Each structure stands twice: as structure tokens, then as C-alpha cells.
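K.L.:
Questions regarding the structure given below will be posed in turn.
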Amino acid sequence: MASSLTCTGVIWALLSLLSAAASCVGFFMPYWLLGTQMDKPVSFGTFRRCSYPVRDEERQITVMLEQCGRYASFNGIPSLQWRICTVVTGVGCGLLLLVALTALMGCCISDLISRTIGRVAGGIQFVGGLLIGSGCALYPLGWDSEEVRQTCNNSSDQFKLGTCQIGWAYYCTGAGAAAAMLICTWLSCFAGKKQKHYPY
């Protein structure tokens with residue numbers, strides 16, 4: 001099986017897959033922000049939430065439903081900043097996945113990735129990482145929404161956590177983006193083999 005990647009290119013392909021996987025898993029999981037409400041653990045992602053209050057009509061009280069789910073609609077996401085974060089981070093994750101899968105195919109298919117294609121792929125990874133990083137930077141702007149304030153003991157505000165804390169998924173998403181921007185973009189410059197020049 002012929003490869004179009006150099007040894008550095010194979011490392012780039014594997015790191016690209018790992019950084020894309022870290023960013024995508026972190027983006028999908030609703031553990032970006034952790035807090036409590038009614039003595040139950042609550043967590044938020046950009047478009048998902050775990051544990052939310054519902055009205056129990058039989059007992060006429062509000063209880064916490066301990067399960068995870070997406071918001072019912074895009075407009076149901078608690079703040080505009082989180083909606084923008086969802087779109088920007090999702091597009092960034094898509095770009096990282098596209099490059100990672102292309103790089104993995106380059107391990108098996110000859111003449112798929114040249115030096116120029118590798119550098120273009122690195123540029124796409126940089127843009128993807130930048131989008132995800134922008135999404136991570138936007139996320140704290142939504143901490144002043146009513147849902148988050150209820151979870152953080154009514155003491156959260158933009159860039160102020162109150163009693164909440166940042167969860168592992170936020171760090172996982174950011175780490176994947178940083179690896180894509182810094183390491184994978186650099187390795188992509190040396191990933192493809194030089195094109196052979198045929199005499200005809």
C-alpha cells in the first residue's frame with residue numbers, strides 16, 4: 001500500500017485525528033460549565049444541558065429532571081453568545097475532521113497529498129482551530145443568562161463564574177483546537193512528498 005505522506009506526514013495525520021477527536025468530543029459533551037441547582041448537579045455545553053427544572057403538576061412543585069439533552073430549538077439556547085459559539089465551534093470541528101480524514105486517506109493512497117496540498121490542509125486546520133478558539137472565547141459571554149445565573153447561585157456574570165466551575169469538555173475542546181493550530185499546522189508543511197516530475 002503506497003502512501004503519499006512522509007514519516008512526518010504520518011505523525012501529522014495521527015495528531016490531526018487526535019486533535020479533531022478531542023475538539024469534537026468536547027464540543028458535543030455538555031460539560032463545559034458545572035454547577036448546582038436545587039442541590040442537584042447541573043452542567044451546560046454550548047447546545048446541550050444536563051439536569052433541568054420541570055414542573056410536577058401532581059405535587060405542584062418544581063423538581064430537577066436529571067438527564068441530558070439538547071435544547072428544544074436553536075433559539076432555546078440561553079444566550080446569543082452561546083448560539084454563535086455553537087455555530088462557530090461546530091464549523092471549526094467540521095474543518096478539523098475533514099482535514100484529519102483526508103490526512104488518514106493520504107496514509108493509504110499515493111499521490112493524494114503533495115507538499116502544496118499538505119500546506120493548504122494545514123491552513124484549513126489553522127482556520128478550524130481559530131474558529132474553535134473563538135467559540136471558546138465567546139462562551140463566557142453567556143454566563144450572565146438567567147439559566148446560568150440560577151445554576152451559579154445568582155452570582156455569575158460575563159467572565160465571572162460565581163459558584164460554578166469550568167468543566168473538562170471546555171478544556172478538551174480548547175486543547176484540541178490549540179494542538180491543531182500550533183502543532184498540526186506546522187507539521188503539515190512537511191507532510192506531503194515532493195511531486196515526481198515525469199519527463200513526458
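K.L.:
Would you mind checking the tilt of helix 80-106 against the longest principal axis of the Cα atoms of the chain, expressed as 0 to 90 degrees and rounded to 10?
P.N.:
Relative to the chain, helix 80-106 is tipped by roughly 30 degrees.
K.L.:
How do Phe159, Phe47, Phe28 rank by accessible surface area computed with a 1.4 Å probe, from largest to smallest? Write down the numbers at each step before the final one.
P.N.:
Details: Phe159 135, Phe47 35, Phe28 105 Å².
Output order, biggest surface exposure first: Phe159, Phe28, Phe47.
K.L.:
Take the alpha carbon gyration tensor of the range 99-200, find the square roots of its eigenvalues, order them as a ≥ b ≥ c, and report rounded if a/c is under 1.5; if not, report prolate when a/b exceeds b/c, else oblate.
P.N.:
Cα axes put the range 99-200 in the prolate bin.
K.L.:
May I pose another question? Count the net charge of all other residues whose Cβ sits under 11 Å from the Cβ of Leu65, scoring Lys and Arg as +1 and Asp and Glu as -1.
P.N.:
After counting each charged neighbour, the total is +1.
K.L.:
What is the sum of charges, Lys and Arg at +1 and Asp and Glu at -1, for the other residues whose Cβ falls under 15 Å from the Cβ of Asn154?
P.N.:
Computed value for this residue: -2.
K.L.:
Can you list, largest first and rounded to whole Å, the semi-axes you get for the chain by taking the square root of 5 times each eigenvalue of its Cα gyration tensor?
P.N.:
Taking √(5λ) for each eigenvalue gives 43, 15, 12 Å, largest first.
K.L.:
Then there is this: At 0.36 nm per residue, minus the direct Cα-Cα distance, what do Leu80 and Asp111 gain on full extension? Give it in nm, one decimal, please.
P.N.:
Full extension of this stretch gives 6.7 nm more.
K.L.:
Taking the solvent-accessible surface of protein heavy atoms with a 1.4 Å probe, what is the per residue accessible area of the range 1-99 in Å²?
P.N.:
Dividing the accessible area of the range 1-99 by its residue count gives 51 Å².
K.L.:
I've got another one for you. Between the helical axis of 7-28 and the dominant principal axis of the chain, each derived from Cα atoms, what acute angle in degrees is found, rounded to the nearest 10?
P.N.:
It works out to around 20 degrees.
K.L.:
Taking R0 as 35 Å, what's the FRET efficiency between Asp56 and Gln165 from their Cβ-Cβ distance, rounded to 0.05?
P.N.:
0.75
K.L.:
Ignoring any ligand, DNA or RNA, what whole percent of the accessible area of the range 1-58 comes from carbon and sulfur when the probe is 1.4 angstrom? Don't skip to the end; give the middle numbers.
P.N.:
Working: 1870 of 2740 Å².
Carbon and sulfur atoms account for 68 percent of the accessible area of the range 1-58.
K.L.:
Enumerate the residues in the range 56-81 having an amide nitrogen under 15 Å from the point lying 7 Å beyond the Cα of Lys40 toward its Cβ.
P.N.:
56-70
K.L.:
Work out the FRET efficiency for Trp186 and Leu101 from their Cβ-Cβ distance, taking R0 = 25 Å, and round it to the nearest 0.05.
P.N.:
Calculated transfer efficiency: 0.80.
K.L.:
How far is helix 115-138 tilted off the main Cα axis of the chain, in degrees rounded to 10, range 0 to 90?
P.N.:
Value to nearest ten degrees: 10.
K.L.:
Trypsin sites (Lys or Arg not before Pro) within the range 93-154: which are DSSP loop residues with at most 11 other Cβ atoms inside 10 Å?
P.N.:
none
K.L.:
With each pseudo-label sitting 7 Å past Cα toward Cβ, what's the Cys7-Gln158 distance in nm, one decimal?
P.N.:
It is 5.1 nm.
The values are calculated or read from the model by the stated rules, or taken from the named source; none is laboratory data. Every value quoted in this text rests on a predicted model; they were computed, and no experiment measured them. Note that we place each Cβ from the backbone using ideal geometry, even for glycine, and neighbour counts take in every protein chain shown. Areas reflect the complete protein model, heavy atoms only, side chains present, ligands, DNA and RNA absent. Shrake-Rupley method; radii C 1.70, N 1.55, O 1.52, S 1.80 Å.
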